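Report on the following structure.
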Amino acid sequence: MTIMTTVLTPASAWRIAAEVVDPEIPVLTIEDLGVLRDVRMQDESVVVTLTPTYSGCPAMDQMGDDVILALTAEGFADVRVDFSLTPTWTTEWMSESGRQKLEQYGIAPPGPKPASGPIPVQLGVKCPRCGSLRTRSVSQFGSTSCKAHYECLACLEPFDHFKFH
Amino acid sequence: MSAETEPSVTVTDVELDAELTSTGLVASADEAEYALRIGDDSLILAQQLGWWISRAPELEEDLALGNIALDLLGHARNLLHFAGTALGKTEDELAYFRDEHEFRSAWLFEQPNGDFGHTIARGLLTSAFQFELYTQLAESSSPGLAGIAAKSVKEVAYHRDHAVQWTLRLAGGTDESRSRIERALINTWPYLDELFRDDELHERFDAAPRPSALREPVMNVLRQVLAEAELDEPKTSESSGDGRHGHHSTYLGPILAEMQVLARRHPDASW
């Protein structure tokens with residue numbers, strides 16, 4: 001038997017849910033990502049609201065399951081996860097500490113909103129390994145939905161860039 | 001964790017919840033019909049793009065086309081789920097257990113992958129269309145459609161960027177690549193017109209942009225891209241495709257057969 005010591009409040013539920021990590025980028029918590037939107041008590045249940053990063057991101061189901069496992073392990077008996085599309089998730093919700101953790105992990109963090117228009121314009125992305133701005137986009141589509149594939153022209157290493165969304 | 005502390009919520013229930021993108025919104029009959037039209041477009045294109053994985057000209061394109069397919073599948077899931085709230089069906093029931101005449105996809109989305117040039121030309125037209133559509137639909141008075149559109153348009157912007165870059169690259173590449181993208185655009189162009197035809201749904205349903213109102217912004221973007229690529233606008237006749245009313249190109253049947261066979265052979269199977 002596990003001894004339950006957690007006080008079952010919305011605040012403690014938030015703290016527990018906030019520690020769940022992105023299964024594909026395990027240095028980022030769902031709080032860092034801005035995916036954790038709301039935690040509330042509804043009668044005897046905890047209702048956690050997450051918002052998807054990308055519409056087809058297969059990690060979302062995993063994050064939802066992990067939130068339920070984390071909360072039930074701490075004594076919350078009845079947990080529900082809702083997914084909400086609005087307001088629409090943006091990389092601008094990513095925490096500053098999340099951005100730093102990403103860069104240390106070797107993924108260039110998302111930049112500001114790029115100029116819009118049908119003819120693409122490239123913005124400089126800093127290499128997370130050597131810090132050079134002499135980089136080029138290999139493809140806007142990388143190893144997961146949220147990442148683009150870049151190459152550093154200074155240190156010649158390929159790297160992932162968490163693209164603006 | 002001991003057996004006593006195992007979650008009382010079963011994962012299956014939770015996955016169902018998650019699958020339903022639970023917004024608590026229930027679609028009206030017209031919202032559902034509209035969501036099926038644009039959801040089927042994305043579903044059929046996603047199914048086709050998946051074919052490219054391991055077959056694209058380079059690894060980066062396996063990833064790009066696979067990622068685009070994944071985004072489109074996400075849009076289709078959201079839209080079919082929303083439609084399903086009016087029809088009393090799950091997104092899986094709608095995807096796997098409707099027959100061909102019940103699908104609402106437009107012919108452009110059913111056009112075959114062809115060579116890489118054809119996939120790019122089709123992607124240019126579909127993404128230019130979806131970008132304008134979702135941009136306008138994000139302002140819809142229907143919260144369900146507006147939420148899905150606002151989410152989708154950000155992803156479609158990357159799809160359009162991908163198609164535009166490749167159109168420019170193929171047009172400015174070798175004689176071979178240029179002739180391939182030219183031929184692909186000529187073969188794909190006739191299917192644009194169907195996307196801009198209003199019908200009885202739009203007479204009574206004003207929560208979605210009229211297809212005819214999308215023609216100008218979409219064509220403006222396509223003409224800008226053609227000008228940049230120094231390609232002529234194809235002078236083709238218009239296809240008589242009428243997928244919105246269940247009259248489909250010959251390509252849809254085989255696509256559905258492949259997409260649906262597993263679910264129909266093993267109903268309710270899960271893993």
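None of the figures in this text is laboratory data; all of them are computed from the coordinates on show. All figures in this text were calculated on a predicted structure; none of them were measured in a lab. Positions of Cβ are generated from backbone atoms using ideal geometry, with glycine treated the same way; all protein chains shown enter the neighbour counts.
For the stretch B:49-59, take each phi angle, set θ = phi - 60°, evaluate the Karplus expression 6.51 cos²θ - 1.76 cosθ + 1.60, and give the result in whole Hz per residue in order, putting x for glycine and proline.
Running phi through 6.51 cos²θ - 1.76 cosθ + 1.60 with θ = phi - 60° gives 5, x, 4, 5, 4, 5, 10, 6, x, 8, 4 Hz.
Restricting the count to DSSP beta bridges whose residues both fall in the stretch A:10-89, what percent are antiparallel, rounded to a multiple of 5? Please report the intermediate quantities before stating the final value.
Values: 7 of 13 bridges.
Roughly 55 percent of the DSSP beta bridges within the stretch A:10-89 come out antiparallel.
At 222 nm, what helix-only mean residue ellipticity would chain A give, in deg cm²/dmol to the nearest 500, using -39500 (n - 2.57) for each DSSP H run of four or more?
Working: 4 runs with 38 residues, N = 165.
The helix-only estimate for chain A comes to -6500 deg cm²/dmol at 222 nm.
Given the options A:A13, A:A154, A:A70, state which has the largest fluctuation in a GNM of chain A using a 10 Å cut-off (strictly under) for Cα springs.
A:A154
Explain nothing, just compute: Karplus ³J(HN,Hα) = 6.51 cos²θ - 1.76 cosθ + 1.60, θ = phi - 60°, for every residue of the stretch A:10-15 in order, whole Hz, x for Gly and Pro.
In residue order, the calculated couplings are x, 5, 5, 4, 4, 4 Hz.
With the calculation restricted to Cα positions, what are the radius of gyration and Dmax of the stretch A:10-89 in angstrom?
Looking at the stretch A:10-89, its Cα Rg and Dmax stand at 11.6, 34 Å.
Which of the GluC sites (Glu not before Pro) found in the stretch B:213-271 are in a DSSP loop and have at most 13 neighbouring Cβ atoms, other than their own, within 10 Å? The partial results should precede the final answer.
On the way: sites: B:E228, B:E230, B:E238, B:E258; in loops: B:E230, B:E238.
Answer by residue number: B:E230, B:E238.
Compute the helix-to-body angle for A:59-73: its Cα long axis versus the longest principal axis of chain A, expressed 0 to 90° and rounded to tens.
Approximately 30 degrees, to the nearest ten.
Can you list the HN-Hα couplings for the stretch B:215-222, worked out from phi with the Karplus curve (6.51, -1.76, 1.60; θ = phi - 60°), rounded to whole Hz and with x for Gly and Pro?
With the stated coefficients, the stretch B:215-222 comes to 4, 5, x, 5, 5, 4, 5, 4 Hz.
Tell me the angle of helix B:116-137 to the major Cα principal axis of chain B, expressed in degrees between 0 and 90 and rounded to the nearest ten.
With rounding to tens, the tilt is 60 degrees.
Residues of the stretch A:80-102 with backbone nitrogen within less than 19 Å of a virtual label 7 Å along the Cα-to-Cβ line of A:S137, please, listed as ranges.
A:90-92
Averaging sequence separations of C-alpha pairs under 8 Å and six or more residues apart, then dividing by the length of chain A, give the relative contact order as a whole percent. Before the final figure, lay out the partial values.
Working: 288 pairs, mean separation 29.8, N = 165.
RCO, chain A: 18 percent.
Can you list the residues, at least 5 places off or on another chain, whose amide H is less than 5 Å from the amide H of A:D38, using H built in the peptide plane?
Long-range HN contacts for A:D38: A:T49.
222 nm [θ] for chain B, helices only, -39500 (n - 2.57) per DSSP H run of 4+, per residue, to 500? Don't skip to the end; give the middle numbers.
On the way: 11 runs with 171 residues, N = 271.
Mean residue ellipticity, 222 nm, calculated: -21000 deg cm²/dmol.
Find me the longest stretch of chain B that has none of the exposed trypsin sites (Lys or Arg not before Pro), where exposed means in a DSSP loop (not H, G, I, E or B) with at most 16 other Cβ atoms within 10 Å.
Working: sites that count: B:R55, B:R197, B:K235.
Of all site-free stretches, the longest is B:56-196.
Scanning chain A for GluC sites (Glu not before Pro) in DSSP loops with at most 14 other Cβ atoms within 10 Å, what's the longest stretch left with none?
Numbers: sites that count: A:E19, A:E44.
Here the longest segment lacking exposed loop sites spans A:45-165.
Just to be sure I understand: of the beta bridges DSSP finds with both ends in chain A, what percent are antiparallel, rounded to 5?
Counting DSSP beta bridges with both partners in chain A, the antiparallel share is about 65 percent.
Under a Cβ-Cβ cut-off of 14 Å, what is the net charge of the residues other than B:T236 that fall near it, where Lys and Arg count +1 and Asp and Glu count -1? Each step should come with its number before you reach the end.
Details: positive: B:R183, B:K235; negative: B:E182, B:D193, B:E194, B:D232, B:E233, B:E238.
Here the charged neighbours net out to -4.
Name the long-range amide H neighbours of A:T135: under 5 Å, sequence gap of 5 or more, or other chain; modelled H, no Pro or chain starts.
Amide H to amide H, under 5 Å and 5 or more residues apart or across chains, A:T135 pairs with A:V125, A:L153.
When the chain is fully extended, how far beyond the present Cα-Cα distance does B:Y96 get from B:S212, taking 0.36 nm per residue of separation?
Working: separation 116, 0.36 × 116 = 41.76 nm, distance 3.07 nm.
38.7 nm is the gain from fully extending B:Y96 to B:S212.
To check you understand DSSP bridge types, tell me what percent of the beta bridges within the protein assembly as shown (both residues inside) are antiparallel, rounded to 5.
Details: 17 of 25 bridges.
Of the beta bridges lying entirely in the protein assembly as shown, close to 70 percent run antiparallel.
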